[in-house]
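Nothing in this text is a laboratory measurement; each read-out follows from the coordinates by a stated rule. Just so we're clear, the structure is a prediction, and the values are computed from it rather than from any experiment.
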Amino acid sequence: MEKPIKRIAVYTSGGDAPGMNAALRAVVRTAYYHDLHVYGIFRGYEGLIDGELRRLERADVGNIIHRGGTILKTARSQRFREAEGRKQAYESLLAFDIDACIGIGGDGTFTGAKVFSEEHHIPFIGIPGTIDNDLYGTDYTIGFDTAINTAIEAVDKIRDTADSHNRLFFVEVMGRHSGYIALNTGIGSGAGSVMIPEVDNSIEALIDKLKKGAKRKKLFSVVIVAEGNKYGGATEIAQKVKEQFNYYDTKVTIIGHLQRGGSPTCFDRVLASRLGFAAVEGLLRGEKNVMAGLVNNEVAFTPFGETISKDKPIKSDLVRMAEILAM
Ligand code: F6P
């Protein structure tokens with residue numbers, strides 16, 4: 001029989017995302033409401049291996065709901081991929097008498113949690129924290145909304161200068177292998193085209209579209225490129241386009257890590273609060289090795305195995321709409 005849950009540990013892992021602090025606050029406050037003790041693991045799995053755990057009091061999570069980044073720090077851990085690293089991590093949990101863990105991160109975080117809990121039988125619950133929005137089992141990940149708002153703010157500014165100089169801008173956004181950030185940034189900023197990994201937009205098709213725009217005397221254009229786009233990032237695409245079509249003066253902007261920082265939007269704070277709260281209450285009800293997500297505005301728990309292995313396809317009606325509205 002599994003031990004009753006009295007002490008939990010919480011960590012953030014992988015790339016930071018705005019709203020992770022709000023999720024942490026919700027975990028700690030909900031845990032105290034249920035008379036649990038909470039420990040923070042610093043620097044994700046790296047800190048777990050090195051025994052960097054510290055008791056978190058309610059006050060430790062005061063005044064953090066609005067802060068970007070993660071007060072627990074984060075890391076991508078190579079050592080946790082090895083059984084030896086995970087054994088050391090288990091010893092850290094034993095030393096602090098931890099009964100269950102809550103991990104805030106993306107698929108790498110949940111892959112690690114799944115392997116670890118299968119080996120060492122400690123229940124885990126995951127909270128999706130990544131700007132990429134690429135996790136099966138939740139309509140939105142924490143940080144995505146803030147990231148797309150940061151990106152459209154940048155693109156709005158680029159439009160001003162693109163318009164003034166009659167230029168063609170290629171703006172690269174993050175998202176790793178997924179196009180959620182790019183598609184939403186494209187729709188929200190009214191971009192002329194969006195290049196995402198999920199759709200086979202060839203360079204030829206893009207040039208064709210740009211030529212049609214030029215014929216209609218379109219004075220400038222902004223193309224949003226997902227970093228994982230299969231024909232290359234913004235720099236490569238801009239170069240290929242320029243070689244065949246140089247009607248516009250062409251510029252490239254890579255928004256980069258700006259998208260990961262900043263104060264979370266209200267949407268991300270509320271999402272993080274709901275999922276942090278649900279994760280603790282789920283653990284107490286016996287949920288384990290699942291990710292707490294939001295599906296159709298209801299909390300849903302999805303086994304790690306599914307969230308790691310299943311794709312979350314981009315909605316084709318959104319892609320179609322984005323194309324029509326950009327014409
Ligand atoms: O997963 C979040 C993310 O920001 C991706 O969009 C991006 O590809 C990656 O992390 C960048 O990672 P790092 O900050 O380690 O360079």
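Summary of computed values
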| item | result |
| --- | --- |
| Estimated vicinal HN-Hα couplings, Hz - region 229-242 in sequence order (Karplus 6.51, -1.76, 1.60; Gly, Pro = x) | 4, 6, 8, x, x, 4, 5, 5, 5, 4, 4, 5, 5, 4 |
| Which listed pairs, of 209/310; 242/310; 73/312, have C-alpha distances above 31 Å, in listed order | 209/310; 242/310 |
| Rg [Å, one decimal], Dmax [Å, integer] - the chain, C-alpha atoms | 21.7, 73 |
| Mean-position separation - Cα centroids, region 101-159 and region 222-261, in angstrom | 25 Å |
| Calculated from backbone phi, Karplus (6.51, -1.76, 1.60) coupling profile of region 146-161 in Hz, x at Gly/Pro | 5, 4, 6, 5, 5, 5, 6, 4, 5, 5, 4, 5, 5, 4, 4, 6 |
| Backbone HN-Hα couplings from phi across region 215-228 [Karplus 6.51/-1.76/1.60, Hz, Gly and Pro as x] | 4, 7, 6, 5, 7, 7, 8, 10, 10, 8, 10, 6, 4, x |
| Amide H within-cut-off set for residue 249, under 5 Å, with H built and near neighbours excluded | 168 |
| Residues of type lysines that residue 230 reaches as a straight line, Cα spacing below 16 Å, ignoring anything fewer than 8 places off in the same chain | 240 |
| Amide proton proximity set for residue 10, modelled H, under 5 Å, gap of 5+ | 39, 40, 41, 102 |
| 26 Å Cα-Cα reach of residue 3 towards lysines, excluding residues that sit fewer than 8 places from it in its own chain | 87, 114, 288 |
| Built amide H within the under 5 Å cut-off of residue 300, gap 5+ | 293, 294, 295 |
